[in-house]
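The values are calculated or read from the model by the stated rules, or taken from the named source; none is laboratory data. Since we're looking at a predicted model, the values are computed, not measured. No Cβ is skipped: glycine too gets one built from the backbone with ideal geometry, and neighbour counts run over all protein chains shown. Each accessible area value is taken on the protein alone, full model and side chains, heavy atoms only, with ligands, DNA and RNA left out. Shrake-Rupley method; radii C 1.70, N 1.55, O 1.52, S 1.80 Å.
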2 protein chains.
Amino acid sequence: MASTTATVTGADLATVAELAQQLRVDSIRCSTSAGSGHPTSSMSAADLLAVLLARHLRYDWDEPRNPANDHLIFSKGHASPLLYSVYKAAGVVSDEELMTGYRRFGSRLEGHPTPVLPWVDVATGSLGQGLPDGVGVALAGKYLDRADYRVWVLCGDSELAEGSIWEALDKASYYKLGNLIAIADINRLGQRGPTELSWDLDTYTRRMEAFGARVITIDGHDLAEIDQALGQAGTPEAEHPLVILARTKKGRGFSEVEDRENWHGKPLPPAMAERAIEELGGERGLTVRGPLPPADSADRATAREAGTVTLPTYRVGDKVATRKAYGQALAALGARPDVVAMDGEVSNSTYADEFAAAYPERYFEMFIAEQQLVAAAVGFSVRGYRPFASTFAAFFTRAYDFIRMAAISQANICLSGSHAGVEIGADGPSQMALEDLAMMRAVHGSTVLYPSDATCAAALVAAMADREGISYLRTTRGAYPVLYDSAETFPIGGSKVLRSSPDDRVTLVGAGVTLYACLAAADELAADGISVRVIDAYSVKPIDTPTLTAAAAATGGRLVIAEDHHPEGGLGSAVLDALTSVGRADLAVAHLAVREMPGSGTSEELLDAAGLSARHIADAARRLAG
Amino acid sequence: MASTTATVTGADLATVAELAQQLRVDSIRCSTSAGSGHPTSSMSAADLLAVLLARHLRYDWDEPRNPANDHLIFSKGHASPLLYSVYKAAGVVSDEELMTGYRRFGSRLEGHPTPVLPWVDVATGSLGQGLPDGVGVALAGKYLDRADYRVWVLCGDSELAEGSIWEALDKASYYKLGNLIAIADINRLGQRGPTELSWDLDTYTRRMEAFGARVITIDGHDLAEIDQALGQAGTPEAEHPLVILARTKKGRGFSEVEDRENWHGKPLPPAMAERAIEELGGERGLTVRGPLPPADSADRATAREAGTVTLPTYRVGDKVATRKAYGQALAALGARPDVVAMDGEVSNSTYADEFAAAYPERYFEMFIAEQQLVAAAVGFSVRGYRPFASTFAAFFTRAYDFIRMAAISQANICLSGSHAGVEIGADGPSQMALEDLAMMRAVHGSTVLYPSDATCAAALVAAMADREGISYLRTTRGAYPVLYDSAETFPIGGSKVLRSSPDDRVTLVGAGVTLYACLAAADELAADGISVRVIDAYSVKPIDTPTLTAAAAATGGRLVIAEDHHPEGGLGSAVLDALTSVGRADLAVAHLAVREMPGSGTSEELLDAAGLSARHIADAARRLAG
């Protein structure tokens, strides 16, 4: 067994060749030891990563938080054996950790990379996401940090079938991201057989060039070719993202699996692994580091002095749409230099255009590409910015996989979805968010907010800006009266009790537009001598369990919950979850929600048809009150 | 006012010019009358549609269900004024309906087209979906119906930024869909300003040609050029999808708005509309129809005689994964000639490969493009097939917007998501579906099924094949013992009570993998003298409210609900919704779900860490039992 423990910097290609074999051997060893993983998908890219690590990646391995470090994202996250073998080769993960930790319970070396590791920017494993995330990081580098770091993304070939890859290349060229380098490992084989384009590098080249990339095609196992190609990596001043299309062989280096089908995602059985390691020249113990980031590449961003955030205020009774308040509050938050905004070509509907007008240098138009919209936000979060991304609430469904992965990525991003529910009126169901509360509540660690009035909306936008994880604000199309004085506070996890008396017989729970109907119903019921409590559940997740529990107790467990959303997973679920989370609950619940497929109409017609108008709420309360 | 009521067939271009102006005038009239809508986006495409309607679209307007009809899909669904004006020009919608119905409550002329209209195949309005849906229809035409109909899709230019468009073109060329024609209305202006590529038709052409399309670039207001281009529309035998890139002007024909910004999605005020109609030559009353579908283009599909479906059977106690049962049941259903299957390049994991092996001519590989995967299913549904689409359950999040829109499209599609929950083990959270039940339950009219064993899984696959709307099956990675004899039945909306006695003190509700832990917990509790009821809630939506209600009543309202899913919107919510839907409910609930971000590990380790193992369930039951 050849073995050395010397640390090599500025390795020559002969050493890099050894390093590449080490990466292959370690990829095999750790996956065989774990009994699962993707060694063959790692072996195809081992030469690419060896050259990158040893000679091109500018990275201070002793200080992963050095802001001048290059970024390395494995868009093909299943090649985690390779990534972790790279970390071992860089001297930051021990062989013992690699061999006993990989894919084991409690280990940070998970089956697919996540940021529980300090060198990982974003979680990958859902294909086609690493490159869009990298676009976000590169946007930050070129336009905000104005720094020299490069963003290297290793892509697989199967994932090039994802539309999100083309959204990413499109935006990378639109924004002239010369600091972005995609290395595509074209190993010809997917999970169940050949990929769509196999080794048709000409077609890949034509597509990528048409999407604005500079493309270099190489033999991905020729170290000199790789070295030359990686040396072309641009700077932020370059005009085109670089794609290195590397023709490779899956399982490269072990004749029993090289370029063979049916070896995707399978560890080599131990005896086979032994033969492979022998064919690859045995284990090695190289520690290899490449260049450090240049000392002069420190942050050249313009001075980031925070101005004073002065939130907009509204006069009680004035009619203001919460989406408008979103835009105005966001523009106010722009005084914080870490706040950036982006939108999916509807900024004059979401009112993100208020921010764009005030801070054009920190506003990024993503056009109609919601996956890239969210991925860009994730990338900005990687660089410590506070991104706000907006589109119609309905269209965040387009990016749900990205939102789910953003939570695994530990990203801190703020999403604002406008035009919620049937309230939007004439545009019809395609534009109505009726699943968004369910979708966003189910995201791990998420915050889901649904203000009814402009004062509340502005306060929540400010609160989101300091919130960890995925925060979501649901806004309404129409303008409704301001309910709250600007002195009111709206803590996340809180609620507002708008009507309350010792005689309350039913609790009405609304949020957003339905709160107005709850208030009108309360008036109607009061005229009938029925006193009800009204709660504004502006914080849908976390929800105000103590206030809801107290209200339920005070009103004999009788609740009417009204939401402009399908019945499943939204406000109603949040309330039921809360009430049953603290012990025995004796409940009589009327849950009013959008149960039929809506069409077009006015807000009033559609809300009434869905059973969400004041008369329906009052009727439900009367029935409960008996 | 020029007006004629004669029906013109085989119109010459002079008549077509009049028709085009009529379409513009009617688009203005109906949107002004409604007070909302997108007249300028309609006017840019009026010439294209006039030529298409009068001279190329083979459509029997008297019989929209004629299977030989061409298909016309407005991917730019906001151009509904144009579409409905086309319907008026074809004589199937009256001027009165257009003027009093458009965007009104209760009308079928919704803000964006939906299949409440007999001539509409799929709902559009979420951009970038009409073309992928059209790919599905064209796949059916070329490979299953083997018919001559063409699929015409009108695309906007803004939506060409959606990755789904490129997934669609990629699959259209991969499958050589010469029967698909995309007409792209390149009017340069999006909602809030110029599009990303404006009138850069060269770049569009390069991109589309690189993606395998035959591209013809025309002046979209030159009727002769349009006519010649549309005449190039291919047949199923042609090798390439055709894209007609039409350079147009938004608001074409009315000088006050033509090619001007800030006129997206705005009706003309009445006085302005009057001036526009005058400039356009006044109202017209043309009824124009184009060619009928050729009589000899009837269904040339191979004889579709249904064979006998013999579902697989399993021996109680044998360990079989539900995903395996999915594949085997699907292969059995292949005896029905309307059943087709597709998968996102993971068919050897979802076991869709069982169907692919048995019926390769009805299996369509979609590679890693989940949006197109679901859109293809929608397209097959349009043609009356029963599509089953599968991938990892986690990756259906990628297609959530398509699933949501499929419900509005009234599509009947069956989705199967494998590898649910932390049970998958070592691959880690990126591959774990932990939001899918919430996501799928929130879809209007959906069915959500989660079998625990192979017998149940096979039965549910068969039931899905006759179910209306969006059906979703959640399957498990690992192999678990068969619980049910093949004689058992599993109606949708039902459940199985596996343990029951008059002394039951707590109800345990599980589904899928957690059912096994519930059964083990019941054994453990029985040993302690605590009798519990165990319910297999295999039908999560609709859920078996009577059985759950009876169980809750019999066990003092004490329930433990265990689900391998995040706490929000899944089985727990389904049970709480059910129990509170039928009157007062006095409940003491322990809801066990995945509350922390999981990592890698074995199934057992991860289920236990999430609090979903038998000991946790038993502990929760003990606490409830007091």
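Below is a table of values for the structure above.
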quantity	calculated
Residue count, the range B:341-355 (criterion: without any contact (Cβ under 8 Å) to a residue 60 or more places away in the chain, more than 9 Å from chain A (Cβ to nearest Cβ) and open to solvent by 10 Å² or more (accessible area, probe 1.4 Å))	1
Residues that are closer than 25 Å to A:ALA618 by Cβ and within 7 Å of chain B (Cβ to nearest Cβ), drawn from the range A:577-590	A:ALA585, A:ASP586, A:LEU587, A:ALA588, A:VAL589
Subset tally (residues that are at the interface with chain B (Cβ under 9 Å from one of its Cβ atoms) and either among the basic types (Lys, Arg) or surrounded by 22 or more Cβ atoms within 10 Å (Cβ to Cβ) (or both)) for the range A:599-614	4
Those helices (runs of 4 or more DSSP H) lying entirely in the range A:517-626 with at least 1 residues in contact with a strand residue (DSSP E or B) (Cβ under 6 Å, 6 or more places away or on another chain)	A:545-554, A:571-579, A:614-625
Hey, A:ILE530 aliphatic (A, V, I, L, M), more than 8 Å from chain B (Cβ to nearest Cβ), in contact (Cβ under 8 Å) with a residue 24 or more places away in the chain and crowded, with 24+ Cβ neighbours inside 10 Å or not	no
Considering residues of the range B:249-264 that are in contact with a strand residue (DSSP E or B) (Cβ under 7 Å, 6 or more places away or on another chain) and over 20 Å from B:GLY281 (Cα atoms) only, the residue least open to solvent (accessible area, probe 1.4 Å)	B:HIS264
Elements of type helices (runs of 4 or more DSSP H) contained in the range B:61-179, each with 3 or more residues being surrounded by fewer than 24 Cβ atoms within 10 Å (Cβ to Cβ) and either in contact with a Gly (Cβ under 7 Å, 6 or more places away or on another chain) or touching a residue at least 12 places away in the same chain (Cβ under 8 Å) (or both)	B:95-101
Any hit, the range B:323-340, residues being at the interface with chain A (Cβ under 9 Å from one of its Cβ atoms), more than 24 Å from B:ASP70 (Cβ to Cβ) and modelled with pLDDT of 95 or more	no
Hits in the range B:441-476 - residues which are crowded, with 24+ Cβ neighbours inside 10 Å and either of a type in the set (D, E, K, R) or without any contact (Cβ under 8 Å) to a residue 24 or more places away in the chain (or both)	B:ARG441, B:ASP453, B:ARG474
Which numbered condition B:LEU49 misses (of (1) free of Cβ contacts under 8 Å to residues at least 40 places away in the same chain; (2) part of a helix (DSSP H, G or I))	(1)
Residue pairs meeting the criteria (Cβ under 8 Å; at least 6 apart or on separate chains; first more than 19 Å from A:LEU131 (Cβ to Cβ), in the range A:375-388; second of a type in the set (Lys, Arg) and in a loop (DSSP other than H, G, I, E, B))	A:ARG386/A:ARG336
One residue from B:SER486, B:SER501, B:SER495 being farther than 25 Å from B:GLN410 by Cα, open to solvent by 10 Å² or more (accessible area, probe 1.4 Å) and touching a residue at least 60 places away in the same chain (Cβ under 8 Å)	B:SER486
Output for the range A:242-270, where each listed residue is among the aliphatic types (A, V, I, L, M) and either in contact with a Ser or Thr (Cβ under 9 Å, 6 or more places away or on another chain) or closer than 19 Å to B:ASN348 by Cβ (or both)	A:VAL243, A:ILE244, A:LEU245, A:ALA246, A:VAL257, A:LEU268
Qualifying residue in the range B:357-374 (condition: polar (S, T, N, Q), part of a helix (DSSP H, G or I), surrounded by 23 or more Cβ atoms within 10 Å (Cβ to Cβ) and touching a residue at least 60 places away in the same chain (Cβ under 8 Å))	yes
Check on A:SER573, facing chain B (nearest Cβ under 10 Å), hydroxyl-bearing (Ser, Thr, Tyr), within 26 Å of B:ALA552 (Cβ to Cβ) and open to solvent by 50 Å² or more (accessible area, probe 1.4 Å)	no
Residues (over 30 Å from B:ALA34 (Cβ atoms) and surrounded by 24 or more Cβ atoms within 10 Å (Cβ to Cβ)) located in the range A:408-439	A:ILE408, A:SER409, A:ALA411, A:ILE413, A:CYS414, A:LEU415, A:ALA438, A:MET439
Selected residue (criterion: farthest from the other protein chains (Cβ to nearest Cβ)) from residues of the range A:186-217 that are part of a strand (DSSP E or B) and over 16 Å from B:TYR174 (Cβ atoms)	A:ILE216
Boolean, B:GLU18 is among the acidic types (Asp, Glu), more than 14 Å from chain A (Cβ to nearest Cβ) and free of Cβ contacts under 8 Å to residues at least 24 places away in the same chain	no
Scope the range B:359-395; condition within 13 Å of chain A (Cβ to nearest Cβ), under 19 Å from B:ALA123 (Cβ atoms) and of a type in the set (Phe, Trp, Tyr); matching residues	none
